Amino acid sequence: MLNIGGLSGCIILPSSPCYDEARQDYNSRFNKYPKVIVYCNHTKDVVNAVLWARREQMPFRLRCGGHSYEAYSLINCGLVIDVSGLQAMTYHKENQTIQIGAGHRLLPLYETLWNEGVTLPGGTCPTVGISGQTLGGGYGYLSRIFGMTCDNLLEVEMVTAQGTVICANESQNIDLLWACRGGGGGSFGAITSFLFQVHPIGNVVRFRMTWEFSSLRNVVQVWQAWAPFTDPRLTSLMALPSKNQGDLRASGIFVGTELELRQIISPLLEAIPPKSVEFHTLSWLEAAKQIAGSPLRSETFKSTSAYAYTPLSDAALDQLTDYLQNAPGQANVVSLAAYGGAISQIPVQATAFAHRQPLFLIHYQSYWAKESDADKNIRWIEGFRSSMLPYTRGAYQNYADSLILDWSDAYFGENLNRLMHIKRKYDPDNLFCFEQSIPLG
Ligand SMILES: Cc1cc2nc3c(=O)[nH]c(=O)nc-3n(C[C@H](O)[C@H](O)[C@H](O)COP(=O)(O)OP(=O)(O)OC[C@H]3O[C@@H](n4cnc5c(N)ncnc54)[C@H](O)[C@@H]3O)c2cc1C
């Protein structure tokens, strides 16, 4: 018989009516059955949950937005500590910082910040949680001007493995702050609040262009020589759907005027005239909402990533084309996300986020509806990633992939040793652990 004495917050058990909803992460490929899910409303609930898990010797996971690609925020036969109820928020106008509870999701956060005339660079999905997003880096359409989400992190409050509440900033627990800037979620303790630097924002210009699939090679060649090096006020992505699944699409957000953007973008436009081109000047919030689209409750998918540190060669483009021509389903896409700009201005060892110098991130994605399509899509993703390994390096920890065997090096590169050292200091008993948590050594 489970003794839940000592837990506080909203406790969900397998017998609770909302258990099936509560045990779902965003990726519906996974079906896990926790013993207890506790929705925390206060830091004290998180403390109680960690102490309870220790006492009961119950393995646990931390969850914020539940968007881990591999559902690492869920566990079979264990406890899920859900921080989504930590919703405090205080804006400090004088120094443009914001203190927020660890449970916020991206779009509501952008909306609140917009009312103050500021924003935080973060991802495009409206329902991704701020905790996982920040701790694993955080890339979005403002990253080339304002950096990764983690680059804007000034302070965290964290519940440790001993159940104590500590603060990490530039004057105390400096090493922990370093680790929280991209060292991945779930390894050191449970973050209960964040302090961020935010940035003034108003109107932006959004652009979109399309080309036929047959232009793929030329389009990628031109885009990769331009997007990572262009004006840092422009962050641009390229979507390459597989053959017969729509046009190639470049898109981006520019913090400036349409006239300036048209000049900046002319190398791309002139090199390969697109099928369609659109420019729209609109508020940053409206742009974020348009990019987010209608929020989905879940999707079934397998995705992975790798970084291009050098331009994709002819041989790499052959592989890319070949895989996109032979996709197994109806929703297979590769997207390229331009780095450079503010991301590359920070030295590799200055934060745990190690991938400062790639040209772009390659994001391999596959979605399906029927269970019977799962295997071929997963094989396609893994085959694609493997075939591109000679031309790529590392992977993005926020696009967790259980099939990357050397994941710790791929995600953290030369920062792994320091992360393991910090892990031993703050969580020597490895209480905060999951399949891809920072190892003790
Ligand atoms: C549809 C979709 C779109 C995405 N778009 C983007 C994008 O545009 N840019 C981008 O950079 N990423 C993007 N991502 C990836 C996303 O940033 C990561 O999956 C991120 O880790 C999700 O955070 P979460 O809090 O929602 O997830 P969760 O599954 O709740 O958590 C992710 C990890 O962090 C840990 N964790 C959660 N809360 C805490 C806490 N309070 N303290 C310590 N550890 C914690 C969890 O245990 C887990 O290991 C996207 C993901 C999806 C599914």
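The values are calculated or read from the model by the stated rules, or taken from the named source; none is laboratory data. Every value quoted in this text rests on a predicted model; they were computed, and no experiment measured them. All Cβ positions, glycine included, derive from the backbone under ideal geometry; neighbour counts span all protein chains shown.
When the stretch 57-80 is filtered for residues that are more than 6 Å from the ligand (Cβ to nearest atom) and not in a loop (DSSP other than H, G, I, E, B), the ones remaining, listed by number, are 60, 79, 80.
Looking at the stretch 226-235, is at least one residue among the hydroxyl-bearing types (Ser, Thr, Tyr), within 30 Å of residue 350 (Cα to Cα), assigned to a strand (DSSP E or B) and assigned by TED's automatic domain parsing to the domain that holds residue 401? Yes, because at least one residue in the stretch 226-235 is among the hydroxyl-bearing types (Ser, Thr, Tyr), within 30 Å of residue 350 (Cα to Cα), assigned to a strand (DSSP E or B) and assigned by TED's automatic domain parsing to the domain that holds residue 401.
Can you work out which of the residues in the stretch 171-228 that are free of Cβ contacts under 8 Å to residues at least 60 places away in the same chain and under 30 Å from residue 316 (Cβ atoms) is farthest from the ligand (Cβ to nearest atom)? The qualifying residue farthest from the ligand (Cβ to nearest atom) is 214.
For residue 29, the conditions (1) of a type in the set (Lys, Arg); (2) under 17 Å from residue 190 (Cα atoms); (3) part of a loop (DSSP other than H, G, I, E, B) all hold with the exception of (2).
For residue 261, the conditions (1) free of Cβ contacts under 8 Å to residues at least 60 places away in the same chain; (2) within 30 Å of residue 326 (Cβ to Cβ); (3) not in a loop (DSSP other than H, G, I, E, B) all hold with the exception of (2).
Candidates 64, 77: the one that is closer than 22 Å to residue 156 by Cα and modelled with pLDDT of 95 or more is 64.
In the set (1) outside the structural domain of residue 184 (by TED's automatic domain parsing); (2) more than 9 Å from the ligand (Cβ to nearest atom), residue 97 fails one condition alone, (1).
Residue-level check: of (1) within 12 Å of the ligand (Cβ to nearest atom); (2) out of contact with any helix residue (DSSP H, G or I) (no Cβ under 7 Å at 6 or more places or on another chain), residue 164 misses just (1). Of all the residues in the stretch 327-342, those that are touching a residue at least 60 places away in the same chain (Cβ under 8 Å) and not in a strand (DSSP E or B) number 7.
Residue-by-condition table, conditions (1) within 16 Å of the ligand (Cβ to nearest atom); (2) in the same structural domain as residue 302 (by TED's automatic domain parsing); (3) in a loop (DSSP other than H, G, I, E, B):
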residue: 357; (1), (2), (3): no, yes, yes
residue: 375; (1), (2), (3): no, yes, no
residue: 384; (1), (2), (3): no, yes, no
residue: 387; (1), (2), (3): no, yes, no
residue: 397; (1), (2), (3): yes, yes, yes
residue: 400; (1), (2), (3): yes, yes, yes
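The set of residues from the stretch 116-139 being on the phi < 0 side of the Ramachandran plot and within 6 Å of the ligand (Cβ to nearest atom) comprises 123, 124, 125, 128, 129, 131, 132, 133, 135, 136, 139.
For the stretch 6-18, residues that are under 24 Å from residue 44 (Cβ atoms) and out of contact with any Gly (no Cβ under 8 Å at 6 or more places or on another chain) total 8.
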